[in-house]
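We did not get these values from a lab; they are worked out from the coordinates using the rules stated. Please read all numbers here as calculations on a predicted model, not as lab measurements. Heads up, the Cβs are rebuilt from the backbone with ideal geometry, glycines too, and the neighbour counts pull from every protein chain shown.
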Amino acid sequence: MQIHLLKSKIHRAHVTAANANYEGSLTIAADLMDKVGLRPYERILCSNLANGERFETYAITGARGSGAIVLNGAVAHLGKVGDRLTIMNFAVVDDTEAPNWHPRVIVLGEGNAIVNERGL
């Protein structure tokens, strides 16, 4: 049997910009994506800690070291600059691997700098 488990999480990411005219997606700084093993165009689930909105989209790579977290397209209407997001993605894992599974998690602070990390 295979089950869906949390693969990675970027917690408390500050939204740095919103662009409703873009096609869609969430731009994430490349170094943050690398840290949690998130690939460009990978499916993500986001929750907005400011307003409770949840949305699913895909990640696109932002400039390395920029701290960019940009709401693009329709999701730009689900938050605003300064809101904090939890960005999650999941993996399909064989049930036998589940007992030893650990997601890659980073917690961000001011300027979207990493203040804590687990499972890396």
Some residue of the stretch 96-107 being among the charged types (D, E, K, R), buried (at least 17 other Cβ atoms within 10 Å of the Cβ) and in contact with a Gly (Cβ under 6 Å, 6 or more places away or on another chain):
yes
Might you check whether a residue that is surrounded by 15 or more Cβ atoms within 10 Å (Cβ to Cβ), without any contact (Cβ under 8 Å) to a residue 40 or more places away in the chain, more than 17 Å from residue 119 (Cβ to Cβ) and among the charged types (D, E, K, R) occurs anywhere in the stretch 64-86?
no
Considering only residues that are aliphatic (A, V, I, L, M) and either over 18 Å from residue 11 (Cα atoms) or not in a strand (DSSP E or B) (or both), which ones fall in the stretch 72-120?
74, 75, 76, 78, 81, 92, 93, 98, 113, 120
Select, from 36, 92, the only residue that is of a type in the set (A, V, I, L, M, F, W, C), farther than 21 Å from residue 17 by Cβ, out of contact with any Cys (no Cβ under 8 Å at 6 or more places or on another chain) and in contact (Cβ under 8 Å) with a residue 60 or more places away in the chain.
92
Hits in the stretch 80-120 - residues which are among the hydroxyl-bearing types (Ser, Thr, Tyr) and over 23 Å from residue 50 (Cβ atoms)
96
Search result, residues across the stretch 60-97 that are at positive phi and among the aliphatic types (A, V, I, L, M):
none
If you scan the stretch 1-21, which residues turn out to be in a loop (DSSP other than H, G, I, E, B) and surrounded by 17 or more Cβ atoms within 10 Å (Cβ to Cβ)?
15, 16
